[in-house]
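Reviewing the structure listed below.
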Amino acid sequence: MGALMTPAERQELLQCSQRIAELLYQEACEQNQPMGNLGAIESTVRSQVQDHITPVIGEFFAKPSPARTKDTPVN
């Protein structure tokens, strides 16, 4: 297994995640997306993540990078 995140990396991830949540919430409110209960919030957030976040992460991992491929075996 690879190295675990450092405390500083975990803090950075938390800060980025909080900012993403703020942006997604703002978009949901502006577009009057359903947010009246936990199920509606989950559905709205899942849709937003699939539309905005997953493609970015997928593109990042799909691009060859010497730093990433050095430590990660290809299956």
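The values are calculated or read from the model by the stated rules, or taken from the named source; none is laboratory data. The structure presented is a predicted model; accordingly, all values stated were derived computationally and were not measured. Reconstructed Cβ throughout: ideal geometry from the backbone, glycine too, with neighbour counts over all protein chains shown.
The table for this structure:
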{"quantity": "Unique match (being among the aliphatic types (A, V, I, L, M), modelled with pLDDT under 95 and exposed (fewer than 10 other Cβ atoms within 10 Å of the Cβ)) among M1, M5", "calculated": "M1"}
{"quantity": "Long-range neighbours under 6 Å by Cβ, at least six apart or interchain, first residue in contact (Cβ under 8 Å) with a residue 40 or more places away in the chain within segment 1-28, second of a type in the set (V, I, T)", "calculated": "none"}
{"quantity": "Subset tally (residues that are under 20 Å from L13 (Cα atoms) and of a type in the set (S, T, N, Q)) for segment 27-66", "calculated": "3"}
